[in-house]
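Quick notes on the structure that follows.
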Amino acid sequence: MSRFSKASVRDADVAGKRVLVRVDFNVPLTKPTASSAPGSPEESDMDPGSLPRPGAAGLQVADDTRIRAALPTIELLRDRGASVVLVSHLGRPKGKVDPELSMRPVGERLAELLGAPVSQAPAVIGEDIETMARGLGPGGVLLLENVRFEQGETENDPELATALAGLGDIYVNDAFGAAHRAHASTEGVAHHLPAYAGLLLEREVTELTAVVESPSRSLVVVLGGAKVSDKVGVIERFLEIADRILIGGAMCFSFFRSQGIETGDSLVEEEGVKLAAEALERAQSSDCELMLPVDLVLGRSFDAGTETSEGDGVEVPEGWMGLDIGPKTAAAYAEAIASAGTVLWNGPMGAFELEPFAAGTRTIAEAIASAPGTTVLGGGDSVAAMQQFGLADKVDWLSTGGGASLELLEGKKLPGVEALIDA
Ligand code: ADP
Ligand code: MG
């Protein structure tokens with residue numbers, strides 16, 4: 001079992017201290033009247049009596065998965081008599097105050113989930129905010145405004161890092177989804193205070209590292225989604241480690257194009273064609289089997305009402321685009337998943353948002369849900385697909401970090417993790 005090399009909040013002496021916690025509350029917001037917000041999962045598991053109320057700009061949290069994921073760390077700190085100052089980014093306000101990206105609706109949802117009051121700071125830093133932070137009693141919680149309202153956040157500005165450090169005695173990073181960014185609240189601040197890993201960040205790193213370092217065999221990696229260039233680092237790494245890599249999604253067309261196969265009007269990332277050719281060549285001398293689709297589901301255009309056709313083979317004629325893997329491919333991939341000791345999945349097999357092209361992704365999701373091996377999911381859209389199919393609770397680990405999980409799997413160091421004190 002791979003060990004986590006950083007100091008954990010579990011081992012920190014926090015009683016009576018003020019703890020600045022970087023969380024990843026970058027959640028989708030929605031107008032309460034929009035009954036089916038895009039990307040909003042079914043809220044059927046939610047008690048209707050506790051439905052979120054709209055925040056200042058009339059917005060509410062559409063999916064609170066990331067807030068829930070941070071609760072164990074917040075609760076641990078409160079239980080041990082610490083006061084908690086929470087800081088997160090939300091969207092991309094680009095260094096300016098944007099009322100639509102206020103943390104207010106997040107704070108309201110957090111208070112409901114905690115069953116405790118959450119004070120909401122009107123800004124990120126400043127004298128008033130320091131007074132609010134100092135005024136917290138044991139178990140008290142203060143949520144700062146969106147840290148990206150400050151220009152210095154993404155620039156990792158030392159002044160902002162110092163000002164943030166002034167709000168706590170101890171720093172905890174629980175924002176795995178932002179750990180691949182060297183920003184003031186994820187990296188800079190960690191150099192000014194004793195810096196510990198939160199429970200979520202620790203678990204994310206441990207689960208994902210275990211896939212790379214100590215997987216039960218066979219190790220099967222399922223990769224899909226839009227672009228090869230997003231995932232070429234992961235392909236290269238796992239050609240060295242995995243037993244099989246199963247390719248689906250639009251990225252397979254970069255592979256087919258590099259093999260001279262007709263791709264019709266399919267989405268082909270030009271930059272990906274060369275990368276795909278290199279990966280195919282590398283696979284020749286690797287013990288890892290790189291599997292590509294053997295059949296496809298075609299459509300005339302990217303919409304749910306379009307004419308469809310089940311292609312025999314993988315040639316895509318002019319006037320058609322490949323929008324899903326076909327049933328033979330899905331069955332072969334499902335079999336590989338069923339016999340695996342470890343399965344890592346990142347990226348949907350097709351345009352799963354459109355019902356006629358969801359079958360391939362659904363088959364893979366179901367195979368993963370019933371797989372006897374260890375199953376790990378990363379990537380925003382694959383996790384959304386698993387939730388859409390109601391199978392999210394059947395997976396061993398669902399990563400909350402898209403980009404961060406990919407970088408960790410590629411073998412890159414995450415600045416937000418590196419800056420923490422060693423265990
Ligand atoms: P993840 O967030 O899981 O890493 P990506 O963001 O890389 O996944 O890709 C997800 C997107 O890829 C989805 O919006 C899906 O519609 C799209 N996609 C998958 N297969 C195809 C395809 N064959 N043609 C067009 N788009 C596709
Ligand atoms: Mg995505």
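Read-outs: derived from the displayed coordinates by stated rules, not from any lab. Owing to the predicted nature of the structure, the values given are computational and were not obtained by experimental measurement. As a convention, Cβ positions derive from the backbone with ideal geometry for all residues, glycine included, and neighbour counts pool all protein chains shown.
Projected label points at Asp287 and Lys31, each 7 Å from Cα along the beta carbon direction, are separated by 5.8 nanometres. Counting every other Cβ atom within 10 Å of each residue's Cβ, His192, His89 order from fewest to most as His192, His89. Placing +1 on the Cβ of every Lys and Arg and -1 on the Cβ of every Asp and Glu, with nothing else charged, gives the chain a dipole about its Cα centre of roughly 1040 debye.
As a rough footprinting exposure proxy, the listed residues Trp345, Trp320, Trp397 were ranked by other beta carbons within 10 Å of their own, and the order from fewest upward is Trp397, Trp320, Trp345. Counted residue by residue at 0.36 nm each, then reduced by the alpha carbon distance between them, the extension gain from Asp393 to Ile261 reaches 43.6 nm. Pairs with C-alpha atoms separated by more than 23 Å, drawn from the list Lys274/Lys413; Lys17/Lys412; Lys6/Lys413; Lys96/Lys413; Lys6/Lys412; Lys6/Lys96, are Lys274/Lys413; Lys17/Lys412; Lys96/Lys413; Lys6/Lys96. Using 11 Å as the cut-off for backbone N distance, which residues of region 406-423 belong to the label zone defined by a point 7 Å from the Cα of Leu136 along Cα→Cβ? Taking a point 7 Å out along Cα→Cβ of Leu136, no residue of region 406-423 has its backbone N under 11 Å. The Ala182 and Glu410 beta-carbon pair, evaluated with R₀ = 22 Å, returns a calculated FRET efficiency of approximately 0.85. Take every DSSP beta bridge whose two residues both sit in the chain; close to 20 percent of them are antiparallel. Using a Gaussian network model of the chain with C-alpha springs under 10 Å, which one of Glu410, Glu262, Glu150 is most mobile by mean-square fluctuation? Highest fluctuation of the listed residues: Glu262. Shown is the FRET efficiency for Gln151 and Ser214, computed with R0 = 41 Å from the Cβ-Cβ distance and rounded to the nearest 0.05: 0.45. Computed from the C-beta positions of Asp13 and Ala338 and an R0 of 51 Å, the FRET efficiency is 0.60 to the nearest 0.05. Rounded to the nearest 5, the antiparallel percentage of DSSP beta bridges internal to region 9-201 is 10%.
Taking Cα centre as origin and charging only the Cβ of basic (Lys, Arg, +1) and acidic (Asp, Glu, -1) residues, the dipole magnitude of region 215-410 rounds to 480 debye. Each label point was placed 7 Å from the Cα along the Cα-to-Cβ direction; for Val97 and Glu159 their separation is 1.8 nm. With the helix formula -39500 (n - 2.57) applied to DSSP H stretches of n ≥ 4, the chain reaches a computed 222 nm mean residue ellipticity of -10000 deg cm²/dmol. Placing unit charges on each Cβ (+1 for Lys and Arg, -1 for Asp and Glu) gives region 202-361 a dipole about its Cα centre, and among Ala276, Ala336, Pro215 the Cα reaching farthest toward its positive end belongs to Pro215.
Only Lys, Arg, Asp and Glu carry charge here, each on its Cβ (+1 for the first two, -1 for the last two); on that basis region 255-297 has a dipole of about 80 debye about its Cα centre. In terms of packing, defined here as the mean over residues of other Cβ atoms within 10 angstrom, the peptides 111-119, 412-420, 281-289 line up highest first as 412-420, 111-119, 281-289.
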